[in-house]
1. Across the range 36-49, what is the total count of residues that are among the aliphatic types (A, V, I, L, M) and under 20 Å from Thr6 (Cβ atoms)?
2. Which residue, of Arg108, Arg57, is surrounded by 15 or more Cβ atoms within 10 Å (Cβ to Cβ) and either more than 23 Å from Arg118 (Cα to Cα) or out of contact with any Pro (no Cβ under 6 Å at 6 or more places or on another chain) (or both)?
3. Scan the range 58-68 and tell me whether some residue there is in a strand (DSSP E or B), hydrophobic (A, V, I, L, M, F, W, C), at pLDDT 95 or above and within 12 Å of the chain's Cα centre (by Cα).
4. Inside the range 93-105, can you point out the residues that are loosely packed, with under 14 Cβ neighbours inside 10 Å, over 21 Å from Gly43 (Cβ atoms) and not small (Gly, Ala, Ser)?
5. Which strands (runs of 3 or more DSSP E) sit wholly inside the range 1-50 and have at least 3 residues that are over 15 Å from Leu102 (Cβ atoms)?
6. Every residue in the range 30-54 that is touching a Gly at 6+ places or on another chain (Cβ under 8 Å) and of a type in the set (A, V, I, L, M), please.
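The values are calculated or read from the model by the stated rules, or taken from the named source; none is laboratory data. The model shown is predicted, which means the values in this text are computed figures rather than measured ones. Because the Cβ atoms are built from the backbone with ideal geometry, glycine has one as well, and the counts that use them run over all protein chains shown.
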Amino acid sequence: MMHDWTSDGRGWFVRRDGDRFSLTRRLPLRWDVAAETVLPDLGRRRLAHAVRQDMWRMLQDLRGFSPAVEVVRAGATCRLRAGGRVDGRRPSDLPARIQALLEDPGHRAAWVRSAAHRGAA
């Protein structure tokens, strides 16, 4: 069942659509740049916010960047896409930088800790 975008009251728009959770700073959601990874099954909202926060820290000096994160639960995993809109010049290494963030062992461990399902061992 499709749900419309709603504001979280902190400047972010969220949409839940079955197993898919999407988070963006600006509507309409646009994927000018994106990278993907697979993580264990985690809390989609907490995971999306943790990834967007780290991505924003990394790219906050990129003019015209509006982050977006999408997490899709797929069995015992979450498929995650991170990136978003870039209004302006896009550095050629931007997808690789986002992919490096998504594959960084330290960040991944922190995301797993912060987004683990409540009550999970």
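1. Initial filter on the range 36-49 (among the aliphatic types (A, V, I, L, M)): 38-39, 42, 47-48.
Then drop every residue that is not under 20 Å from Thr6 (Cβ atoms), which leaves 47-48.
Of the residues in that region, 2 qualify.
2. Working: Arg57 fails: surrounded by 15 or more Cβ atoms within 10 Å (Cβ to Cβ).
None of the others qualify; the one that does is Arg108.
3. Yes, the range 58-68 contains a residue that is in a strand (DSSP E or B), hydrophobic (A, V, I, L, M, F, W, C), at pLDDT 95 or above and within 12 Å of the chain's Cα centre (by Cα).
4. Once the filter is applied, which keeps residues that are loosely packed, with under 14 Cβ neighbours inside 10 Å, over 21 Å from Gly43 (Cβ atoms) and not small (Gly, Ala, Ser), the range 93-105 yields only Asp93.
5. Values: elements: 13-17, 20-24, 33-40.
Ranges flagged: 13-17, 20-24.
6. First, pick out the residues of the range 30-54 that are touching a Gly at 6+ places or on another chain (Cβ under 8 Å): 30-35, 41.
Val33, Ala34, Ala35 - these are the residues of the range 30-54 that are touching a Gly at 6+ places or on another chain (Cβ under 8 Å) and of a type in the set (A, V, I, L, M).
Here is a yes/no grid of residues against (1) in contact (Cβ under 8 Å) with a residue 40 or more places away in the chain; (2) under 15 Å from the mean Cα position of the chain (by Cα):
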position	(1), (2)
Gly18	no, no
Pro28	no, no
Trp56	no, yes
Cys78	yes, yes
Arg97	no, yes
His117	yes, no
